[in-house]
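This report concerns only the one structure given below.
The values are calculated or read from the model by the stated rules, or taken from the named source; none is laboratory data. Note that this is a predicted model, so its numbers are computed, not measured. Here Cβ is always computed from backbone atoms with ideal geometry, including for glycine, and neighbour counts include all displayed protein chains. Calculation scope for accessible area: heavy atoms of the full protein, side chains included, ligands and nucleic acids excluded. Shrake-Rupley method; radii C 1.70, N 1.55, O 1.52, S 1.80 Å.
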Amino acid sequence: GSSSANNGFSTPSCASYSSSPDVWYKFTAPSGGIVTITLTAGSLTDSGMSLYSATNCSTPGSELYCDDDGGVGLMSE
């Protein structure tokens, strides 16, 4: 992973982002536009998640949504 700021994307607007290593996933939203992303605890027990819109992984996009503890425990959803 790499820092959001280093990739040119804005830092997440929630979850007390500290520029620690990130994990990036990309997907194409379905035509209905509804996607649910749920993180579950494992070795990581407190997550923060930000969703960005972008045309590719190297061109910064805008943040669409940010969640800190919306899932179970301190995990994001």
Inside the range 15-43, the number of residues satisfying the requirement of being open to solvent by less than 100 Å² (accessible area, probe 1.4 Å) and in contact with an Asp or Glu (Cβ under 9 Å, 6 or more places away or on another chain) is 4
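Suppose we filter 67, 46 for residues that are modelled with pLDDT of 90 or more, in contact with a strand residue (DSSP E or B) (Cβ under 8 Å, 6 or more places away or on another chain) and open to solvent by less than 70 Å² (accessible area, probe 1.4 Å); which single one remains? Show your work before the answer.
Values: 46 fails: open to solvent by less than 70 Å² (accessible area, probe 1.4 Å).
Matching residue, one of 67, 46: 67.
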Residue that is farthest from residue 24 (Cα to Cα) [pool: residues in the range 52-64 that are open to solvent by 90 Å² or more (accessible area, probe 1.4 Å) and of a type in the set (Ser, Thr, Tyr)]: 55
